[in-house]
Amino acid sequence: MSKLDWLNQELSGLKDQGLYNRIRTIGSAQGARLVVDGKDVLNFCSNNYLGLANHPKIVAAAKEATVKYGVGPAAVRSIAGTTDLHIQLENRLAKFKGAEDVITFQSGFTANLGTIAALVGKEDVIFSDRLNHASIIDGSRLSGAKIVAYEHNDPSALESAIKENAGSFRRALIVTDGVFSMDGDIAPLPALYEVAKRHDLLFMVDDAHGEGVLGKGGRGIVDHYNLHGKVDVEVGTLSKAFGVVGGLVAGNKVIIEWLRQRGRPFLFSSAVTAPDAAACLAAIDLLESSTELVDRLWENARYFKAEMKKAGFDTGVSETPITPVMLGEAPLAQQFSRELFENGVFAMAIGFPTVAKGKARIRVMISAAHSRKDLDQGLSAFVKVGKKLAVL
Ligand SMILES: *Cc1c(COP(=O)(O)O)cnc(C)c1O
């Protein structure tokens with residue numbers, strides 16, 4: 001017996017259940033098509049919603065910043081790692097989103113960790129949607145606060161949970177995903193806000209999949225529902241629609257000021273690089289200059305979802321470009337993904353623990369980078385594999 005035997009047992013258990021994640025290797029820039037494991041395929045699984053990850057203007061901005069600033073930040077931001085580009089980025093993001101202030105983090109994940117743990121502690125309670133993202137769950141655990149999960153997207157369940165619990169704690173935070181990444185449904189933010197307001201509780205939304213997608217020209221979920229100044233904390237990511245990397249927190253000035261003092265990933269981990277910040281600034285320029293990419297993204301999403309439904313697939317409850325194709329058991333979803341790949345389409349199977357057992361699926365991510373021809377190629381591959389595996 002070796003002390004590592006349990007790991008081999010766990011790993012072979014994952015393989016037996018169809019839950020072992022075989023990660024493919026990309027050999028090209030992100031776009032509508034990719035070179036994956038040496039093969040040219042249609043890309044149906046990246047979060048590059050607007051096709052910005054390889055946009056010439058954004059690449060040029062990153063190159064220019066590399067020449068001027070080099071590559072690494074060389075220190076955490078609070079010591080010597082904040083450039084004028086980082087400050088510009090935060091100011092431009094605040095203006096773009098109509099928020100009082102913005103702080104950026106290395107990622108959406110660290111934005112959630114840093115923010116939640118800075119706002120609540122051991123004497124406090126967090127009311128959290130049952131389907132919230134792992135980074136919200138981890139940030140909540142890290143804070144030491146009591147976590148009360150309420151039924152998904154259910155403001156009255158939230159209210160009951162508050163009535164039962166809030167009285168026995170110092171402070172309370174309500175937190176929800178804006179767009180739920182596995183199902184593509186949108187949180188009923190105005191109704192949740194009414195509950196938060198009635199009880200005067202901190203209200204936070206993680207809009208990673210809504211940044212650059214929802215709202216006017218991609219200004220996010222707070223803009224989509226016109227809740228400016230009402231949501232205390234809006235977390236976003238620069239790694240999805242923005243096509244770069246990084247996280248952001250937009251909101252009330254005093255909250256952002258507190259995060260600059262007490263957001264631990266901000267204080268103890270180096271920031272995104274100057275070329276990243278420059279690339280994000282170029283992405284804001286593009287989004288502010290035209291809604292064309294956001295419009296095309298939605299047009300593509302509507303077309304693809306309607307055609308998939310017509311073909312007989314179950315695309316769940318999505319209201320956004322995230323298109324789950326519900327298959328049920330994880331081994332079937334994995335086989336479906338492999339067959340799609342054989343047919344030139346890269347679309348990943350998603351199973352437990354990312355989604356509940358029995359709810360395995362292929363998640364198709366639609367992008368403004370897809371042409372009609374790309375979408376049609378994807379559709380016909382889905383129909384062919386669906387028939388072969390008796391899903392249709
Ligand atoms: C993707 C995602 C994150 C993490 O964002 P990164 O910038 O990739 O770290 C956080 N929250 C939600 C809801 C997400 O979908």
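Selection among 21, 74, 221 by position relative to the dipole of the chain gives 21 as farthest towards the positive end (Cβ unit charges, Cα centre). When the alpha-carbon atoms of the chain are used, the pair Rg, Dmax equals 21.3, 63 angstrom. Is the shape of the range 308-355 rounded, prolate or oblate, going by the alpha carbon gyration tensor and its root eigenvalues a ≥ b ≥ c, with a/c under 1.5 for rounded and a/b larger than b/c for prolate? Cα axes put the range 308-355 in the oblate bin.
Compute the label zone of residue 390 within the range 331-355: residues whose backbone N is under 18 Å from the point 7 Å along Cα-to-Cβ. Answer for this model: 331-337, 339.
Over the range 272-392, the fraction of Cα-Cα pairs per 5 Å bin, rounded to whole percents and listed from the shortest bin up, is 2, 11, 18, 20, 16, 12, 9, 8, 4, 1, 0. With a Förster radius of 22 Å applied to the C-beta separation of residue 306 and residue 357, the computed FRET efficiency comes to 0.15. Taking a point 7 Å out from the Cα of residue 9 in the direction of its Cβ, none of the residues of the range 344-368 has a backbone N less than 14 Å from it. Per residue, the accessible area of the range 56-289 comes to 40 Å², computed with a 1.4 Å probe over protein heavy atoms only. Counting 0.36 nm for each residue step from residue 299 to residue 91 and taking away their Cα separation leaves a gain of 71.8 nm. For a test of the definition: using alpha carbon positions, the gyration tensor, and the 1.5 limit on a/c, classify the range 56-289 as rounded, prolate or oblate. Prolate, because a/c is 1.5 or more and a/b exceeds b/c.
Extending 7 Å from Cα along the Cβ direction at residue 66 and again at residue 122 yields two label points whose distance is 4.8 nm. Extension gain for residue 21 to residue 76 (0.36 nm times residue separation, less C-alpha to C-alpha distance): 16.5 nm.
A 1.4 Å probe, protein heavy atoms only, puts the accessible area of residue 392 near 70 Å². Residues whose amide H lies under 5 Å from that of residue 177, counting only those 5 or more places away or on a different chain, are 129, 133, 206; hydrogens are built 1.01 Å from N in the peptide plane.
As a fraction of the 1.4 Å probe accessible area of the chain, surface on carbon and sulfur atoms comes out at 53 percent. Rg and Dmax of the range 1-142, based on Cα coordinates, read 20.8, 60 Å. Counted residue by residue at 0.36 nm each, then reduced by the alpha carbon distance between them, the extension gain from residue 317 to residue 194 reaches 41.9 nm. Karplus-derived 3J(HN,Hα) values for the range 354-364, using 6.51 cos²θ - 1.76 cosθ + 1.60 with θ = phi - 60°, are 5, 10, 5, 4, x, 10, 5, 7, 9, 9, 8 Hz; glycine and proline are entered as x.
Taking every C-alpha pair closer than 8 Å and separated by at least 6 residues, the mean separation divided by the residue count of the chain gives a relative contact order of 22 percent.
The values are calculated or read from the model by the stated rules, or taken from the named source; none is laboratory data. Since the model is a prediction, treat every value here as computed from it, not as a measurement. We place every Cβ from the backbone using ideal geometry, glycine too, and count neighbours over all the protein chains shown. For the accessible areas, the whole protein counts, side chains as well, though only heavy atoms, and no ligand, DNA or RNA atoms are used. Shrake-Rupley method; radii C 1.70, N 1.55, O 1.52, S 1.80 Å.
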